[in-house]
Structure formats: structure tokens, C-alpha cells
Amino acid sequence: MASTSHDQDLLPDQTEGFKVGEKKTMDEYHNLDADDEAMQRYKKSLGLGGGGKDLSDPNDPRHCIILSLTMDSEGRPPVTIDLSTADSEKTLKDKPFKIKEGVKFSMTAKFKVQHEILSGLHYVQIVKRKGIRVSKDQEMIGSFAPNKEDTPVYTKRFAEEDAPSGMLARGHYTAISTFVDDDKKRHLEFEWAFDISKDW
């Protein structure tokens, strides 16, 4: 039962009344409502019709490849979690990084899409302290067409956040992060850790 609850936690909260659209192939999107101006704008926002060769690797079945997550904060150089090599995420929880209490910070994801349209990619993060959940955050990243030569990778900067502050907020935290799409397919899930401290 615990794993089912854990699985549900790592899915984005659904907006009431929102219905996931029907899945379409790349060709179906290209031919869809050629005369509809709004549809043309939507297809353009997905990156359809962009220039260059499709960069999908026929030998790599993955649909979405998360390359990195970077934390930007004033007063220190960016901290990047490199997720581009196989199993790189498996040691993250053993190497906590420091966040100064009360600072403003934002995260940026870098990723690639291949083979087909990626619909409704979300980032969902559960933070725990001493085993007790203290927050659940989610960020809608969007829908994307497979990368082409003119856009070899996608980047998405998340909304700015404030690190907690005060004596009670300081200490060690663990987090589970997942990248999940509208079909509830998880493209990456990993555990990591951070320490809130008085200074960098």
C-alpha cells in the first residue's frame, strides 16, 4: 500500500476538469488542421516545422532524456546536477549540496525529446526531513516536439523560490524528484539531498 501512495505522490496534481488529449503521431500533427491559425500557432509552440534534421537516436528508445538540473542563486556560482550519464542519479543522495537559508533560488532543467511529441511534461518534487514530508512542489514544463538541429536541447527555468530560514529550518533534507508526462510515464526519478545552513 505504501508504494501506491508514494507513486501517487510523485504524480502532478490534476487540474479539475482537465482532460488529457488524444495521443498523435508526428505525421498526424503535421497534417492537423492546416487551415486553423490557432492550431498552426500551437504546432509552432511545440517546435513542429522547425529547421534541420530530427536528432532522435534510433538506437535509444527513450522519449525524454533529462540532461541536467541547475540551481541558480545570487552570491554563488550555479550548482549543476549532471544527469546525462547512465546511473548518474544513483549517488546524488550521498552528496548533499548546501543552500543558504532565506536565499532566492531557481532551478533550470535541460533535456532532449526524441521519436514523438512529448505531451505535458511536469517536474514533481517531494521534500522530506527526518522522514516526514515537508513539501510537494510541481512545475509544468510543457509539450515538445523531438529536437532538431536548430534546437538541439530544450531548457526550462522554473519559478523562483525562497529557501526556508531560521534555526528550525536549518538541517538535512532529502528529496525525490520525477519528470512525468500526461500519460503518467516517468522519464526520470531520482533521490537527492541538501542542507539548509546559515551560510554558503
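The values are calculated or read from the model by the stated rules, or taken from the named source; none is laboratory data. What you see is a predicted model, and the numbers here were worked out from it, not measured in a lab. Note that each Cβ is placed from the backbone with ideal geometry, even for glycine, and that neighbours are counted across all protein chains shown.
Confirm whether P58 is touching a residue at least 24 places away in the same chain (Cβ under 8 Å) and part of a loop (DSSP other than H, G, I, E, B).
It is false that P58 is touching a residue at least 24 places away in the same chain (Cβ under 8 Å) and part of a loop (DSSP other than H, G, I, E, B).
What about E116, is it in a helix (DSSP H, G or I) and under 20 Å from P61 (Cβ atoms)?
So E116 does not fit the description; no.
Within the stretch 183-199, how many residues are of a type outside the set (D, E), in a loop (DSSP other than H, G, I, E, B) and more than 22 Å from K130 (Cα to Cα)?
Of the residues in that region, 2 qualify.
Answer yes or no as to whether G21 is more than 16 Å from W192 (Cα to Cα), at pLDDT 60 or above and either loosely packed, with under 12 Cβ neighbours inside 10 Å or aliphatic (A, V, I, L, M) (or both).
Considered against the rule, which asks whether it is more than 16 Å from W192 (Cα to Cα), at pLDDT 60 or above and either loosely packed, with under 12 Cβ neighbours inside 10 Å or aliphatic (A, V, I, L, M) (or both), G21 comes out as no.
If you go through the stretch 68-88 one residue at a time, do you hit one that is modelled with pLDDT of 95 or more and closer than 23 Å to D13 by Cα?
The answer is no, given that none of the residues of the stretch 68-88 is modelled with pLDDT of 95 or more and closer than 23 Å to D13 by Cα.
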